[in-house]
Every structure is written in C-alpha cells, then in structure tokens.
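Asker: Structure provided below as structure tokens; questions to follow.
Any read-out appearing in this document is the output of simple, stated calculations on the displayed coordinates, not a laboratory observation. Small disclaimer: the values here were computed from a predicted structure and weren't measured. Every residue, glycine among them, receives a Cβ derived from its backbone with ideal geometry; neighbour counts consider all protein chains shown.
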C-alpha cells in the first residue's frame, strides 16, 4: 500500500517535529521533516505531499507574539502554494505553535482565508504551564477527529494559548458550523474553569477546524499521547499500548489514503 | 525616519502580564491599590513611508483582535499628572535584544526594505497613591535591572548604529610587567579584573622577560582566562596540606603543677596531617579508575562524561553552575547558564543531541525582610522568579524537557544564590572521540560576538562584592535560545555527514578558551578581525575573550569546508573561518595586519604555578537539642511539610516543558491528581525502544554544617535511593559531582571541601557507582562593608541510570487500599541537620551516616524486588524522614494509611521516641507498598536485612500513626497535609 506523504514544516525554533513524525509514521504515513527554506526556494514542492503538519515549538522565538513571524512568512512567501494545497482538498494540522501559526496567518479563519479573526494570547495565569487536560471532543465535522471518544486526554505546554475572538458573531458561526473540535473539560466532559481550562480560553476552546473539517488546529499535544507509557498515571491505572492521540494521526493518514 | 510604535491591550482585554506585575509590586511590600497599564514600544529607525509603517503595525506587530496601537514620530507628549506615573525601560547600549533580528526578518518578509534598527522598550503606566520613594523601589527593584536595562527619559532613543564607530587602526597596548614591582603586579591584576595572584603574575613576568618584551593586553587576558579557577580548577588540581583536628576525649584542662612533658601529651586535639597532590585525581577520579566499569566510555576528559546506552548510542551528562551571573541578573544569568550547559553535550565528542535538562537552585529564604538585605543584592523571591523564568525560557525554547531538579532555601544564599543546570545528550557510537588535525581551519558557528560576557571566567572565579553589579555588569550575558536551536539542528546534520574533525563550545573564556583548548597540542592562529560581530566598536582583546552565547568552534579540513558552510547556510546559521590550526605549538592572534599575541601553548596550559593551600577540618562544637516530646505530632508534621525545603515545587515544575520530545515515561509530578513528588524522572530517548534513562539528584547542605563528610555520603545515598524508588538499579548508574564552596584560601572552608571529596571516593567505591564528570565553583562569597558572607559548602550529586525496560517503572503514590506498607532500612536517632530540628530552630549533632554493612545490600535487594514486579509504590525517606515519605505517598495516591511505628526497625542506645522515629533522616530507608499476595516473595528477597511491615493502605482520607506505645501520635486528613505541603510555594 502506498503510504500518504506528510510534510512536517520546520523552521528556527521548531521543536516538536521529531515526535510528530513518529506519530504519523506509527499511524501508517510517511512523514518528512522539511525546513521552510526548502519550500520557499522551490527545492521542495509542497504539492507532492498530502498532509501538511505545523508542529509545536517556538518559531522565531515567538518574538512579537507566538507563531506570528512564521505566520507572516507563510502569508507572504508561501501564500499561493498553501492556497493551492487547501483548494486541492488536502489536510493541514497545526499543533500548539502550529495552531498559533494557522490562526495568525488566517489559514484557520471564519471569514476568509488569510484574514485573521481569531487569536491565541497570554494565558490568564501569566505563565507557561505544562499540564494534562481532558478534552471534550466533537467527532462529527472534523476529518481528524473521527471516532474519537467523547473525552480525550492530552497535555498542554504553552504560555500563549488563550483562545479569543474578534466578536461574538464569530463564535456563533464556529458553533453553528460545528467547527469547535476540542474543549477543555473535566474527566467527565463538563466544561470547567482553571486549571481544567488551563489558559482561560473563551468557551474552553482548545481546538477548531475549518469549514471543510480538513484543517485542524489545537493547543494540546496529541503527539505526546501516542503510547500508553506517556500517560501521567499509567503506573497506577495500567499500561495500555497506545494513547488517545494516535487516532488523530491515523484519521489523517487514512483520509489521505482514501481521498488524496 | 524615526517611528515610535506603542502597542497595548484593547480596553476590556485581560492583560495577564500587567496583573503579574501588580502581584510582584505587592510582593515588594507595597499594598496600596494600584492599576497598571503595559505598553510594548518598538522604536524603528528606517527609510520608509507612512504606508509601510502602517503595514508593519497592522500586519505584523499588532494583534488586531486584542490590541490597539499608535505611531508617533517623536517623543511622547506626556505631562505629569497626579497619582499617575510612567516608567519606560530599555536595554542598555551593547545589550542585544534577540527580538530585533526576528522583527527585521519579518519586515523583510513583508517586502519592506530600508529598516536600520528596531529597538524595543516597555512602558508601564501606574496609577495609584504612591510616593516617589515607592516609585523608585518599583523601578529599581522590579522593573529595571541596571545591569542590562535603564529607565529612559522621554524622547527618541539613541540608536546603536550611530553611536559607535569601527575601531580599525588599533594601537597595540603593552602592559609594563618587566619593570613592575610586586605591588605593581598586584595592582595590574586588580585593575584589569584578571584575578591573578602574585605568584601567577610573577610567572608571567618571568616568561616575558625571557623574550625581552612586555605582554600585550590580550596576551595577559588570555593567560588570566586560561589560568582562572573557573577554567583550570587550581584548587582541585593543586597541592593541599590537609589537617584533621580530632578532639581528644581524654583532654584535661592543664593545671600549673603539671610537668611540661605531660602537657605535650595532654593535647586538646589529635592531629592527622596529610599532603594531597591533586585532590580530584586522588579522590573522585581515583574511584572511577579503580571501579573500571566497562560501560564508562569517556570520563573526565571531554565537555561531559559518556556512558553506554544501547547498541547504537552512548549517553553523556554534564552539570554546571552559573551562580555569580544569576546573582546580578537572575533571568539572564540562569538563561545563559542553561544555554551554556546545553552546549556541553553539543560539544562532547563530535556532538550529542540534548535529551533532557536538570536544574537545582539554592536561594535565600523567600520571606526574608527586604530591609535587611545586604547592600547591592536582590531580594531572594525576585532572584527565584527570575532564575526560574530564565531556565524556562531557554530550556523550553530549545525543546529539551526539564526532568529533574530541586529548590533549596537558606539565609546564607541571600547574596550568592546557586544555580546548577545539567544536560544529558545522546550520541551515536563512533562519534565519541575527536581529534584536531594539522592545517584544519578554525570555524566559528552560531551567534555573533559582542561585548556581552567580558571577563566572565575571571569574574566567576572571584568573590562577589557590593560593587559587582557596577564593575562586572558586562560579565552578564543575554541568551538567544533560537540561535542555539538553529546551531543544534544544523550541527547534527554536519556531524552525520562527517564534515568536521573536532568541536568544542564557546563557554567561559570565549574563543580564548575554546581555541586555546583545541589547539593545545598543535598551535593555532586566529584573525580576530574576521570574527563576525554583533556591532562595531569591539577591541581585539574583547573579541577574543567575549563570552557571547550560542557559539561553537569547529575544526574543519579544507576539503570539507564548502559542504560544511552549505549545511549551515541552508538554515540561516552563520559560520565563518577565523583561522587555522598549525603545528608549532604557538598561539598567534592577528588583528588586521598586526600581530597582537604570540604565546607558547605549553606556557599557556602548563605554566601556571602550582598552589599549596592549607585545609583544616575541625569538628564543630555542637550538641543535641532538648525537645519536649509532644503526644500529638500532627501539628509538627504539618509544620515539617510546610518547610520551604520540603514543600511542593509544583509552581516551578509546571513552568518547564517536561514532555517535549515525547519520551516521558515517569514525570516529575505523579499520582492520582498529577501533583505528587516523584523521586526521579524516567525518559526514553528513542521512542521505538523500551530502554530508558533515570535521572535524580541528592543535595543537603545543612548536614555539612555538622559534617561535610557525611553530607557527601548522604547526597550519594539520596541520589541512588531515588533511582531505586522508580525501579532502577545501581549497577548501571553513574554520578556527577558539583561542588559549590566559599573561598578555598580559607583553611576551614577548604577543609570541609576536602573531607567531602574523601566521602565521594569512599562511597562511590562502596556502592560501585563511578563519577563520570564534575565541576567545582569556588569563591561563592559576598563581600560587603568589609565582611564576607559565605555560602554553606554545597555538594550536588546528580545520578543517571540506564534502565533496560521502562515498563517496570513504578511511582511513589499509594495505589490500592489493603496493600501492605513496609519500611526497609534501619531508623536511628539521626536528627542532626534534620528538618524537624530546623522547625525547632536547632541543628543537632547526630547527622545521618551511611551504614556500609547494609546500605548497598538494601538498594540491590529492592532492585530485584522491583525487577520482579513485586512493588506497587516506593518512596525514600529523606528530608522530614518517614513521616514526610508516608504523607506524600498518601496524598499523592489520594489514600489514607494506618501505621504502627513499633514495627519499624529502630536502633538506638538512647531514648526511644515517636518524634525521633517519625522525623529521623537516617539514610538508606524506603517506604514500600506491596500487594498482600506478594508478601512472602517480597519478604524472602529482603531476608537478613532490616525491614518491618508497618501497616497498610486504607480506604479513607486519614493517615493514622500509632506510636511506640501503640497510642496514636498522628491523625491527619491527607487533604490537610497536602494543603500544608502545597501552600508555601504556590506563587
């Protein structure tokens, strides 16, 4: 069987690239780490891949604001290639810093492509926090979230993850379209405040998809819960082979295999 | 044109940064209600039009969703108003703000050209009924660190590009040593911040007299750097006259009638004398040599010690300190401390990939009154917050999980905090050794050289003084983790393509140290004018000794140069040829057409006169306190749990990414609510393999006040216990030493250093656990108004252990009601230096020892129990003793326990008491949870060793302890115990 090709975009400050590659490979894909300079200089062609993943990290040190400078680079250097990639119905996932990039470049936007109307800003706690979060998952709309259980468990590790919107209308649209894929919750799926909602996000929003369900962005790290031994309590609850996050990568790879 | 862009949050948007600053202001003791508005300012100097600046703002600098902005072309027109204060803070000239480069890049991406400079400043608008004195406190103690920042008057900032000119035609500066008297020599050393003593200055004078010339300034600087305590470790490698004074128990106060002969016999002390040549070789390295473990690959020779990991990889580990810089500028000091130690594995062998960090801090007590602080020092809470932020920033941005650490508090760290940072790295087999070849080119890679970190090596080798922040300000460096991350990414590619023959990092001493070390056997010539600079205006000697961060030095054959430069260029990393290695064993430096230095490598590396120092160990006069026993020890237990040294460090741990790279198996926080204190962390560096690494540490400076020897023994025991607790074994464990001490010229300080080094030898040998690397940082003293405050001698032992199967890892939280609870190991009345005594304001004298008849056996037997999966949870007894271990296991597991003290092996000739059993800190003890069905198997493994089944896990929220008299002595709600433990450091 031909393995779908995943491009994992790297740049200065990317640091979750290798484990994201591991997750995609384990899910049956063939992931490659590619530096943005390789695409910008046309040495590597984005259109030869079926999935684009923007992994976590601190692109360009998160100077100015988290993800902003890479978002700016995508918008001004790779606009055409990305537009084409999306139009071809291909898949995009942005995790943590990747989500910040997608939102700030307007690739995940409610109104129109490359127009930012959502932001991710400083956590209410004012600091970077690494903690595990339960997420209420909505598995209908988004390709990446198919068949996920009602509640999944991933860690967050960020300082700027508070989900905010331009105006309430946008929230209405997101809800109406079923674009809100993940919401911070307690273990039973009830939306609860800090520390369950680790950053003070509006409506506990942790991850959203675009109108087509093919582009997903989320602050928590599914690639950090691929194997059972990554679970913070496996020593008391028992060691499972795989973690909740693997299915997300499998969904992406499976969709690409069938449709792209 | 000059544009001043001011950005702030829109009304109604919660400003987390501003609210954090308000909290910090309250911490300064200012309780007046205030509001604070925070503005980010970009001062942009550029030849661009209005429309461009609008694009820069709206498309780049401003988040339209939450922020608003204004642009002016000149200073703010701000008139002072009542109860409203404006403070604007900018970086000092010469301090590089990493953001400038990013913003310039992003503006280029926008397609806008003509940017000359971008400088950031921060503006705070504070409203409230504050006095001008209070505003000054807020400015000086919180918002501005004058080492790197200043508070600006209103008006456009001076731009660096205009203010400094390039120095080209440099006059060569000679320093007149040949005609200098001794007094003059000392003066030259002092004035030049060389920290060289008279013997060393004389040796240098003699060397140059031979050549009938005076040294240039850069020659003298090179020698000072190479010979600094920081780089050459002269105390550890020199000669020591060691005297142990043992009090004579038969001593009687002499009376006049005694004859002179018996007077000699009746001495107050028995004296043991010894001459030690090279303390390091005769203790720590000796143990490693004698143990001769086949899995030790490279020890004490490279930037980090290397041991075998699996059939494809080795693993290296190094721990460093960055104390003095962190005292002056906590964020920058700690930031570059972790940045520096990360470069150690990167510069080990042909380069290792960092896989985890550790950090251990010692601070002054956080509730120390600000009014009592010594002149020139920062408040411990400010230091603590700054240090944690600095490590967080660099470690997280490098994408290296911070897995293990400790935070200790003691008044004597007020002026001289300790910041230990460690990094381990994974290195492919066959890449562990390196050799510079003749005619190889010298290539400097990564960050540019600036005036930051001048004199760092020599400055950190001396004492801090109240003037340090003025005189040595330039010794503090500013880090840029993203530059280092880029270097790391490309370096690994170049390594795997075999494009260089040797590598080392630019650490203390900068290029001087790196090139000097690499060229030691061959000789080198360097063209200083070719070194890429951050800005113009550096003198040649500044270029040579600058400790600017994020630089590595490679030796590269001519054939590989093109390919190598391409690898770096492809990811925007700067790499420059600055010279070559020769074969005449001479170090030559050039600046443009002038030769500025010519020094023999032999003299540089071996010309340093050997020291002879005196070390005296004298047992302190101490005694055990008399403490009235209380029947109910519950309040005491809560007090012990609330001690800063015992209390939860969750506030720190959560700020570090401990899961990046995906290999986390056992996290620093464990248990039913992910908030119990794990003994050690476990990581699997290769995601497809079950082979793992355990990392832990032992540190306990309080014991050193009673006996430095037993402190060191305890640190080793503690670090090893933690390895055992998570399921590891001492058989594949290696350890590292980090000594932080006061001034070694002081015989009693050196004495305690020597005796702890002896303990390191004894117990490394005893446990069969080799040292693979180490470092010392001496002169941790603070001189103020003629008085010197020394830190307590502080030894950190870090342990790393290879674990074959991480699925056998166990955590410390109680798992299931009904399970049996054992204590393994013997409890003695060893409360000297304990937290229990500390809560009673006493020190005591009976410090915990390590019992060589049993300790190793206990550790090994428990390993076989965990290997056979007979243990559900295990936790060691350390600070706070058995009581704290039990409490932590209870609240981490969300379960109670019933404990019977009479069942614990307890040995004493003196009085037996509940408080002693509960709070004694005797070594080599473990609390172990075992399922009933495994009772016989577990007990048969431990046969012949001291252990007792002391109770069982209960299905309640209550920890009940029945005392030696079978009456309860602790009855506590585990949630309350947890609250006592979590509250103190929940900042």
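Asker: For region B:503-527 and region B:743-760, what is the separation of their Cα centres, given in Å?
Answerer: 31
Asker: Bin all alpha-carbon pair distances of region A:1-78 at 10 Å intervals from 0 and give each bin's fraction as a whole percent.
Answerer: 19, 49, 27, 4, 0
Asker: Next up: If you take every DSSP beta bridge whose two residues both sit in the protein assembly as shown, what share of them, in percent to the nearest 5, is antiparallel?
Answerer: Here the antiparallel bridges make up roughly 75 percent for the protein assembly as shown.
Asker: Something else: Looking only at region B:523-554, which residues have a backbone nitrogen under 13 Å from a spot 7 Å from the Cα of residue B:104 in the C-beta direction?
Answerer: Answer for region B:523-554: B:533-536.
Asker: Helix-only mean residue ellipticity at 222 nm, chain A, DSSP H runs n ≥ 4 weighted -39,500 (n - 2.57), per residue, nearest 500. What is it?
Answerer: -7500 deg cm²/dmol
Asker: Further question on the same structure: Need one value for B:62-69: mean number of C-beta atoms belonging to other chains within 10 Å of its residues' C-beta atoms.
Answerer: Neighbouring Cβ atoms belonging to other protein chains average 5 per residue here.
Asker: Restricting the count to DSSP beta bridges whose residues both fall in chain B, what percent are antiparallel, rounded to a multiple of 5?
Answerer: 80
Asker: Further question: Would you mind getting me the FRET efficiency between residue B:174 and residue B:583? Use the beta-carbon distance for r and R0 = 25 Å, nearest 0.05.
Answerer: 0.35
Asker: Quote the convex hull volume per residue of region B:269-366, based on C-alpha atoms, as a whole number of Å³.
Answerer: Cα convex hull per residue, to the nearest whole number: 184 Å³.
Asker: Remind me, relative contact order of region B:812-987 in percent, using alpha carbon pairs under 8 angstrom and six or more residues apart?
Answerer: Relative CO of region B:812-987 lands at 38 percent.
Asker: At 7 Å along the Cα-to-beta-carbon direction for both residue B:311 and residue B:867, put a label point, then send me their distance in nm to one decimal.
Answerer: Rounded to a tenth, the inter-label distance reads 2.1 nm.
Asker: Which residue fluctuates the most in chain A, going by a Gaussian network model with Cα springs under 10 Å, if the choices are A:11, A:20, A:83?
Answerer: Maximum fluctuation in the GNM of chain A, among the listed residues, is at A:83.
Asker: How large is the helix-only mean residue ellipticity at 222 nm for chain B, computed as the sum of -39500 (n - 2.57) over DSSP H runs with n ≥ 4, divided by its residue count, in deg cm²/dmol to the nearest 500?
Answerer: -8500 deg cm²/dmol
Asker: Can you give the Rg and Dmax of the protein assembly as shown based on its C-alpha atoms, in angstrom?
Answerer: My reading of the Cα-based Rg and Dmax gives 30.7, 109 Å.
Asker: How far is it, in nm, from the label point at residue A:45 to the one at residue B:852 when both lie 7 Å from their Cα along the line to the Cβ?
Answerer: Simple spin-label model gives 7.4 nm for this pair.
Asker: Return the Rg/Rh ratio of region B:2-163 with Cα-based radii and a Kirkwood Rh.
Answerer: Radius of gyration relative to Kirkwood radius: 0.97.
Asker: How high is the relative contact order of chain B, given as a whole-number percent (alpha carbon pairs under 8 Å, six or more residues apart)?
Answerer: 11
Asker: Using Stokes-Einstein with the Kirkwood hydrodynamic radius over Cα pairs, what translational diffusion coefficient do you get for region B:510-643 at 25 °C and a viscosity of 0.890 mPa s, in µm²/s rounded to a whole number?
Answerer: Estimated diffusion coefficient is 123 µm²/s.
Asker: Right, something else. Relative to the longest principal axis of chain B, what angle (0 to 90°, nearest 10) does the C-alpha long axis of helix B:708-725 take?
Answerer: 90
Asker: May I ask you to derive the FRET efficiency for residue B:289 and residue A:260 from their Cβ-Cβ distance with R0 = 45 Å, giving the value to the nearest 0.05?
Answerer: My answer for the efficiency is 0.15.
Asker: Any chance you could run the full-extension gain for residue B:498 through residue B:300? It's 0.36 nm times the residue separation minus the Cα-Cα distance, nm to one decimal.
Answerer: 68.8 nm
Asker: Any number yet on Rg/Rh for region B:812-987, C-alpha, Kirkwood?
Answerer: 0.95
Asker: Please check: in the Gaussian network model of chain A (C-alpha springs, under 10 Å), which one of A:177, A:72, A:167 has the largest mean-square fluctuation.
Answerer: In this elastic network of chain A, the residue with the biggest mean-square fluctuation among A:177, A:72, A:167 is A:167.
Asker: Sorted by mean Cβ packing within 10 Å, highest first, what order do the peptides B:791-803, B:178-190, B:899-911 take?
Answerer: Output ranking for B:791-803, B:178-190, B:899-911: B:791-803, B:899-911, B:178-190.
Asker: Express in whole angstrom the spacing between the alpha-carbon centres of region B:37-116 and region B:688-707.
Answerer: Computed from Cα coordinates, the inter-centre distance equals 47 Å.
Asker: Helix B:182-191 sits at what angle to the longest principal axis of chain B, using alpha carbons and giving 0 to 90 degrees rounded to 10?
Answerer: 80
Asker: Given 25 °C and 0.890 mPa s, compute D for chain B with the Stokes-Einstein relation, Rh being the Kirkwood radius over Cα pairs; round to the nearest whole µm²/s.
Answerer: It diffuses with D of about 81 µm²/s by this estimate.
Asker: Pull out a ≥ b ≥ c, the square roots of the eigenvalues of the alpha-carbon gyration tensor of region A:117-260, then state rounded if a/c is under 1.5, prolate if not and a/b is larger than b/c, and oblate in the remaining case.
Answerer: oblate
Asker: Which FRET efficiency value, to the nearest 0.05, do you get for residue B:74 and residue B:50 by plugging their Cβ-Cβ distance into 1/(1 + (r/R0)^6) with R0 = 22 Å?
Answerer: So the FRET efficiency works out to roughly 0.90.
Asker: Taking springs between alpha-carbon atoms closer than 10 angstrom, which of A:223, A:32, A:73 fluctuates most in the Gaussian network model of chain A?
Answerer: Of A:223, A:32, A:73, the Gaussian network model singles out A:73 as fluctuating most.
Asker: Based on the Cα coordinates of region A:5-259, what is the per residue volume of their convex hull in Å³?
Answerer: 114
Asker: Any idea what angle helix B:16-27 forms with the longest principal axis of chain B, computed on alpha-carbon atoms, 0 to 90 degrees, nearest 10?
Answerer: Helix B:16-27 sits at roughly 60 degrees to that axis.
Asker: What's the extension gain from residue B:64 to residue B:530 if we count 0.36 nm per residue and subtract their Cα-Cα distance?
Answerer: Net length gain for the segment: 163.4 nm.
Asker: Considering the Cα positions of region A:214-256, please state its Rg to one decimal place and its Dmax as a whole number of Å.
Answerer: Cα-based Rg and Dmax for region A:214-256 come out at 12.0, 37 Å.
Asker: Per-residue Cβ counts within 10 Å, from other chains only, averaged over B:648-661: what number is that?
Answerer: Across B:648-661, the average partner-chain Cβ count within 10 Å equals 5.
Asker: Which distance in nm do the two modelled labels at residue A:211 and residue A:80 give, with both placed 7 Å along the Cα-to-Cβ direction?
Answerer: With each label point 7 Å from Cα toward Cβ, the separation is 2.5 nm.
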